[in-house]
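All remarks here apply to the structure that follows.
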Amino acid sequence: MQDALALAQNNLLSPMVLFFALGFLAAAAKSDLVFPEAVAKALSLYLLIAIGFKGGVIVADEEEESVSVTAPAPMLGVTATPSRGALGRG
């Protein structure tokens with residue numbers, strides 16, 4: 001039970017969930033919540049780094065064989081997106 005509470009606390013207090021909750025509450029209150037452009041860029045960068053670190057921790061705990069199978073998948077998106085744009089289908 002203690003492990004489940006610790007897991008719930010870690011997940012619910014993660015930056016991604018907290019920013020989602022802030023946006024949800026602002027929309028529910030019909031607030032005109034606006035961040036200055038510099039703050040919005042900093043928050044975006046912070047969220048990207050937080051998501052990357054969280055994913056990195058998960059990948060570090062995986063077995064090497066399962067990572068070698070799934071690691072090439074993001075490269076498909078990296079190469080397919082510019083290709084679609086060059087072909088005029090973007």
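Could you say whether any residue in region 67-74 is touching a helix residue (DSSP H, G or I) at 6+ places or on another chain (Cβ under 8 Å) and assigned to a helix (DSSP H, G or I)? Checked against the condition, which is being touching a helix residue (DSSP H, G or I) at 6+ places or on another chain (Cβ under 8 Å) and assigned to a helix (DSSP H, G or I), region 67-74 yields at least one hit.
Which residues, counting only those in region 1-57, are over 26 Å from ALA71 (Cβ atoms) and among the polar types (S, T, N, Q)? Passing the criteria: GLN2, GLN9, SER31.
Screening PHE35 against (1) without any contact (Cβ under 8 Å) to a residue 12 or more places away in the chain; (2) closer than 18 Å to VAL57 by Cα leaves a single unmet condition, (2).
Quick note: the coordinates plus some simple rules give every number you see, no bench work behind them. What you are looking at is a predicted structure, and each value in this text was computed from that prediction instead of being measured. Positions of Cβ are backbone-derived with ideal geometry, glycine not excepted, and every protein chain shown enters the neighbour counts.
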